[in-house]
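The values are calculated or read from the model by the stated rules, or taken from the named source; none is laboratory data. All of these numbers come straight from a predicted model, not from anything done at the bench. Reconstructed Cβ throughout: ideal geometry from the backbone, glycine too, with neighbour counts over all protein chains shown.
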Number of protein chains: 4
Amino acid sequence: MLIVMDHRATPEEIERVVETIGEMGYGAQPIPGRQRTAVGLVGNDGRVESARLEGLPGVREVIRVSKPYKQVSREWRDEDTLVDVGNGTVLGGREVVLMAGPCAVEGRDQILQIAAQVRDAGASVLRGGAFKPRTSPYSFQGLGEKGLELLALAREETGLAVVTEAVDSESVALVAEYADIVQIGARNMQNYPLLKRAGRAGKPVLLKRGMSATINELLLAAEYLLSAGNPNVILCERGVRSFDTQTRNLLDLTAVPLVKSLTHLPIVADPSHGTGVRTKVTPMARAAVAAGADGLVVEVHPDPPTALSDGAQSLYPEQFAELVAQCGPIAEAIGRSLASAVQRTT
Amino acid sequence: MLIVMDHRATPEEIERVVETIGEMGYGAQPIPGRQRTAVGLVGNDGRVESARLEGLPGVREVIRVSKPYKQVSREWRDEDTLVDVGNGTVLGGREVVLMAGPCAVEGRDQILQIAAQVRDAGASVLRGGAFKPRTSPYSFQGLGEKGLELLALAREETGLAVVTEAVDSESVALVAEYADIVQIGARNMQNYPLLKRAGRAGKPVLLKRGMSATINELLLAAEYLLSAGNPNVILCERGVRSFDTQTRNLLDLTAVPLVKSLTHLPIVADPSHGTGVRTKVTPMARAAVAAGADGLVVEVHPDPPTALSDGAQSLYPEQFAELVAQCGPIAEAIGRSLASAVQRTT
Amino acid sequence: MLIVMDHRATPEEIERVVETIGEMGYGAQPIPGRQRTAVGLVGNDGRVESARLEGLPGVREVIRVSKPYKQVSREWRDEDTLVDVGNGTVLGGREVVLMAGPCAVEGRDQILQIAAQVRDAGASVLRGGAFKPRTSPYSFQGLGEKGLELLALAREETGLAVVTEAVDSESVALVAEYADIVQIGARNMQNYPLLKRAGRAGKPVLLKRGMSATINELLLAAEYLLSAGNPNVILCERGVRSFDTQTRNLLDLTAVPLVKSLTHLPIVADPSHGTGVRTKVTPMARAAVAAGADGLVVEVHPDPPTALSDGAQSLYPEQFAELVAQCGPIAEAIGRSLASAVQRTT
Amino acid sequence: MLIVMDHRATPEEIERVVETIGEMGYGAQPIPGRQRTAVGLVGNDGRVESARLEGLPGVREVIRVSKPYKQVSREWRDEDTLVDVGNGTVLGGREVVLMAGPCAVEGRDQILQIAAQVRDAGASVLRGGAFKPRTSPYSFQGLGEKGLELLALAREETGLAVVTEAVDSESVALVAEYADIVQIGARNMQNYPLLKRAGRAGKPVLLKRGMSATINELLLAAEYLLSAGNPNVILCERGVRSFDTQTRNLLDLTAVPLVKSLTHLPIVADPSHGTGVRTKVTPMARAAVAAGADGLVVEVHPDPPTALSDGAQSLYPEQFAELVAQCGPIAEAIGRSLASAVQRTT
């Protein structure tokens, strides 16, 4: 950490910074410059409370040099984390994993039909919301536990692993009971009680990047999960907020190689929320695989025009099959392959 | 709602849109144009699920005409809502209310000292966090219920009303028991289970705008509170995320007159989080009052350099007194006045 | 165009909107709704001045239905535009074109060396700035006409076509004389006198998206070029400004399929400026090709650590060769191929 | 400047950074830390080309400590710059200056009428565009030199000083001949040839902040003007691009106190472009004055509904008079006053 002093800072003000750093238990090294002095803080382990120094008289700026996160960093663990989601599917290795399914579980027939369809097309994981966080209180809010039961039934029939969202402590417990992966949605990326609870859930967590979260904030949210004892975290880029409303979000695919250089955790991409427009999902799925994503999360619905939510961005089953057909050669072009479709277990 | 068709849309595709609108229980009115046809949806009460229409073949865009929120709108209730926070202080009327205090409750002496100081300077409401949502799991997370007890003690000693943040269902219950106003923080603006719970808390709610929430999303979050039965909602502009990192956030003061034209709810501004820089707090407090804010939320600490959080943006007590001295004449210049300081009750 | 009235708009106010539309030479069709009335404007050819209607009493919002651009749209011309840049290289067809070279022309040896290197690796077009728009007045501003002469010499020696930036009317004339493609930089995307001049330059134009330009604004800037008589326009996605400073810009690859659905013009991607970080250039180049880009613009320098500008994002020549090796199979995976390297002409 | 090394950087890589800094003519001071080493660059005068260092192996990040601008900084000149615009009006001192007028000069009667109206209401400077940069090539582009003649005529009749925009080198010369202040618009803030030309125009320059320009970039653009020899620069905050489309731009009023702490140049605010909505202009004008702006730029039209551009954000003359009436007491509340209306000179 570097404490940059104002060009009019007095020797007393610089001395006070040095003393404060000492009181905080770290070493201080003044660096005089032509225009101003800076003071280096030595021994930072990423947990220094910089605001205390920012508040001192004569301080112009405090610059973090160390990363604020720890266990998620490549410096803590260099080797890629492999997350086993239970049906033989592993994220973070050579294979690119397809997670697909409807925005929301709407009923027995819908979820069983789409599960079979995405499994046959090549997916290994079934997605589908039982607890739906919706911008409007008047929108469909999901089937709740009934939805979880249907997801579990679909798993039994298809062999797919199941990922679904939890929105509060109660639903974490339920989701962890029924599903294979607990999803934390973008709106909850900084819901810290929820993260702490999910960190103790005993199941892998799919952590979606917040609407306007920096990569640092995403990794700090993951740090909540790891520091609560859960090493099995899958990050997910799903688009960030932008000034252009032509697409629902701005899919930030550079996050993929960036995250992979900073952390050992796997990262997948969600081109459905990332674009919000059906015709853009497949090109961006291809791009995500080419950028190095460890998997894709794709919304597919047996009949999108009748979907209770996100119909406009959901693929038809045959479009998803086409997406898989296009992504396979891309994966191979970079020395990977799509995860093999799961075997029917019944 | 207006459904805009592609210029190559076939008559059959247009007909399908008309039929779908009918199935959804609304009226459809096609509007042929030179380049393309649009279809008007008549009878929308703000709850139409547009995604279903966006998904139809030949549809280029769906444009919302009605506002998606209801009870918070001026159309539902034209008269300003007055929120009484319990010690004679009312938000939303002619008086501008000052809420002040430390970022976090750190201990008995700190909170009692600062409460007396901000009360003497003119504040009517004491702020101070007991449950702190922190970006890093390694930062100070607040005193929890102990902090709430200290806030209640400070209220007893000073006559100030108390506002403090709740971060999950459990803390809503506790906060509602000890405090006068339940704060929902920016990171939780779209934490819907929390909003529903706060809507049943029986205390007024201070709802902070999310990091990159649109005004529509802020009002929809408030709609969750009102539709759960709580009419006493105070909105808070606290800055949004921007591309310029010179300030912590970008304080969007236009939100003040904008929100007041769209909703009957009061709105306050938080220049401390809105700027993140101590020297910018007072000018922006003045600007917020001039823009028409119904109150201010300001971080003040007895000794900012030793603050456990947000030290860099906290005012010294004497700076807060100066802020009050500067804001008073601004309030009067626009025909309002600062809420009178509360009377000592002990 | 749809004019949405306030819910309290009077019949007189609605009538005035209808009349004003008539005065403007268009047809008006009122659409009464449950909450409010809207008025459709019929016969819009994309050139209606909406501000005139926004200013009328009782008007809440004016919504554009037609696109504001014309000649660049797919509705004006459905077939893809092919831009021939002079050495047998064509943009917009089946082949993916590689444009590569240093940020700036620094001298004879540098540009001849790198031109041969990128040509040998597979590039068809040489990029290199002679006129450099720099954020600071104290940074290297380019060699000017001398730089153009060196680029022309490099073309002679290698057979590569040349693209270089023009920054004002004088430099458009010079660039058009020496180079094969006139580049309009991101900072000048809305420099309309420059666009009009470039529209008359008689050479293809590479138009870079502005720092925070919407897709609509990019297409309107291109409309300036086409309406000035130049049909040979290549669009370029080069990243937009974002709230996260970890990368220099946020490369918006969804712009690629989006632009291709709205316009017949080719679009290329610049992963060098789009990321600003050398190690992210190759993964994002792959992603751009996978998303369907018609070409890439890549900064390559014979010795990046000594580059006078943009050293941190410039590839080493051998890294560029590796980029080409990785992008080729991606292009083939989607049924395209990299443009064949030009033949040595000397 | 601080060069932060990767935690795996070798001693050789650190040594190479030290050597390179030496070759660049500066001093190097290594700062070993627990996780990584940093190297301080001593003697930076704000002109170091950081990209050269970013490109070296083992370098993780280069952090600027010195400001990149010079002559505009408070460190170069501590005392406020006063800009005299010719009719006795001075910007940057105790008085708050009102600049008002239509978006565009539309004709003789319009400009003479509105000039008299804004003068009578209290304005000292007349604004009005003769050269209009428009997003669409099909929008009204201004009257050109004819417009400048009309502005000069209005000055003669009213005593107002005149500010109007120049869009290229030719128009700078014309504007400098006819007007008192040369305006550089937001879209041209980084049009460097234009800035250099305006820096030699011999008239004060009003420099508007770009659509998504950081404060640093705004100050660097001003540095172009000062380094070309023009000390009379007035900065203008006019809103930045945001994710919320309810307002045309997001007026960043914190820029006012921020800019005033970093530079000696005056800064004014434009609440018309800053909001884009007529009813929000007056509240935000009040807020700008309260924040400490040295002046306001306001669009006023004799009959906004018939305006050829920006009608929706233009005030009616009586609304402008009301704005002045409201801003006067705000100015006085902070110890300033509105600049006295100019005396009729004819």
## Note on the structure
Contact list, first residue from the range A:307-318 and facing chain B (nearest Cβ under 7 Å) and under 15 Å from B:T20 (Cα atoms), second anywhere and basic (K, R) and assigned to a helix (DSSP H, G or I), beta-carbon distance below 6 Å, six or more apart or interchain, is A:G311/B:R52
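If I go through the range C:189-204 residue by residue, how many of them are within 14 Å of chain D (Cβ to nearest Cβ) and under 14 Å from C:L235 (Cβ atoms)? Can you show your working first?
Pass one, the range C:189-204, residues within 14 Å of chain D (Cβ to nearest Cβ): C:189-200.
Imposing the further condition that a residue be under 14 Å from C:L235 (Cβ atoms) reduces the set to C:189, C:195, C:198.
Total satisfying the criteria: 3.
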### Query
Can you spot a residue in the range D:153-165 that is part of a loop (DSSP other than H, G, I, E, B) and closer than 22 Å to C:V172 by Cα?
no
### Filter result (part of a loop (DSSP other than H, G, I, E, B) and of a type outside the set (V, I, T)) within the range D:196-217
D:R200, D:A201, D:G202, D:K203, D:P204, D:R209, D:G210, D:M211, D:S212, D:A213
### Message
Go through the range B:120-145 and report how many residues are in contact with a Lys or Arg (Cβ under 8 Å, 6 or more places away or on another chain) and more than 14 Å from chain A (Cβ to nearest Cβ).
### Response
1
### Query
Just checking, how many residues over the range D:239-261 are farther than 14 Å from D:V277 by Cβ, part of a loop (DSSP other than H, G, I, E, B) and not hydroxyl-bearing (S, T, Y)?
4
### Query
Which one is farthest from C:Q113 (Cα to Cα), of the residues in the range C:306-322 that are surrounded by 24 or more Cβ atoms within 10 Å (Cβ to Cβ) and of a type in the set (S, T, N, Q)?
C:Q313
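Which of the following residues is basic (K, R) and closer than 25 Å to B:M284 by Cβ: B:R94, B:R155?
Going through B:R94, B:R155 in turn, just one is basic (K, R) and closer than 25 Å to B:M284 by Cβ: B:R94.
For the subset of the range B:34-60 comprising residues that are closer than 21 Å to A:S309 by Cβ and surrounded by fewer than 16 Cβ atoms within 10 Å (Cβ to Cβ), which member is modelled with the highest pLDDT? Lay out the reasoning, then the answer.
Of all residues in the range B:34-60, those closer than 21 Å to A:S309 by Cβ come to B:41, B:44-57, B:59-60.
From what's left, surrounded by fewer than 16 Cβ atoms within 10 Å (Cβ to Cβ): B:45, B:47, B:57.
On the way: B:D45: 57, B:R47: 62, B:P57: 86.
Among residues in the range B:34-60 that are closer than 21 Å to A:S309 by Cβ and surrounded by fewer than 16 Cβ atoms within 10 Å (Cβ to Cβ), the one modelled with the highest pLDDT is B:P57.
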### Query
Given the structure, is A:E223 charged (D, E, K, R), touching a residue at least 12 places away in the same chain (Cβ under 8 Å) and over 25 Å from A:Y316 (Cβ atoms)?
yes
### Breaking point among (1) within 13 Å of chain D (Cβ to nearest Cβ); (2) out of contact with any Lys or Arg (no Cβ under 9 Å at 6 or more places or on another chain); (3) without any contact (Cβ under 8 Å) to a residue 60 or more places away in the chain, for B:L207
(1)
### Task
Might you check whether a residue that is modelled with pLDDT of 95 or more, assigned to a helix (DSSP H, G or I) and either more than 15 Å from B:V297 (Cβ to Cβ) or among the aromatic types (F, W, Y) (or both) occurs anywhere in the range B:126-140?
no
### Query
Out of (1) of a type in the set (K, R); (2) crowded, with 23+ Cβ neighbours inside 10 Å; (3) in contact with a Leu (Cβ under 6 Å, 6 or more places away or on another chain), the odd one out for B:R108 is which?
(2)
### Task
Tell me which residues, restricted to the range A:84-103, are part of a strand (DSSP E or B) and buried (at least 22 other Cβ atoms within 10 Å of the Cβ).
A:L91, A:V96, A:V97, A:L98, A:M99, A:A100, A:G101
### Query
Based on what the data block shows, is D:S171 surrounded by 21 or more Cβ atoms within 10 Å (Cβ to Cβ) and facing another protein chain (nearest Cβ under 7 Å)?
no
### Filter result for D:R238 (more than 30 Å from A:L250 (Cα to Cα) and of a type in the set (D, E, K, R))
no
### Message
Give me the residue from the range B:54-75 that is among the hydrophobic types (A, V, I, L, M, F, W, C) and touching a residue at least 60 places away in the same chain (Cβ under 8 Å) and, out of that set, farthest from the other protein chains (Cβ to nearest Cβ).
### Response
B:V72
### Query
All but one of (1) among the hydrophobic types (A, V, I, L, M, F, W, C); (2) in a loop (DSSP other than H, G, I, E, B); (3) out of contact with any Gly (no Cβ under 8 Å at 6 or more places or on another chain) hold for B:L112; which doesn't?
(2)
### Query
Do the conditions hold for D:T81, that is, is it among the polar types (S, T, N, Q), in a loop (DSSP other than H, G, I, E, B) and away from chain C (no Cβ under 14 Å)?
yes
### Message
Return the residues of the range D:165-184 that are within 15 Å of the chain's Cα centre (by Cα) and either of a type in the set (F, W, Y) or within 16 Å of D:A100 (Cα to Cα) (or both); say none if nothing qualifies.
### Response
D:E165, D:I181, D:V182, D:Q183
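Here are C:L148, C:L126, C:L160: which of them is among the hydrophobic types (A, V, I, L, M, F, W, C), under 27 Å from C:Y192 (Cβ atoms) and in contact (Cβ under 8 Å) with a residue 24 or more places away in the chain? Walk me through it before giving the result.
Details: C:L126 fails: under 27 Å from C:Y192 (Cβ atoms); C:L160 fails: under 27 Å from C:Y192 (Cβ atoms).
One residue alone meets the criteria, C:L148.
Those residues that are more than 8 Å from chain D (Cβ to nearest Cβ) and part of a loop (DSSP other than H, G, I, E, B), I need them from the range B:278-306; list them, please.
Matches in the range B:278-306: B:A293, B:D294, B:H301, B:P302, B:D303.
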### Filtered residue count, the range D:218-235, keeping only those that are more than 30 Å from C:D244 (Cβ to Cβ) and part of a strand (DSSP E or B)
2
### Message
Can you say whether D:E106 is at negative phi and assigned to a loop (DSSP other than H, G, I, E, B), as far as the supplied structure shows?
### Response
yes
### Message
Please go through the range D:20-37 and give me each residue that is within 11 Å of another protein chain (Cβ to nearest Cβ) and assigned to a helix (DSSP H, G or I), ordered by number.
### Response
D:T20, D:E23
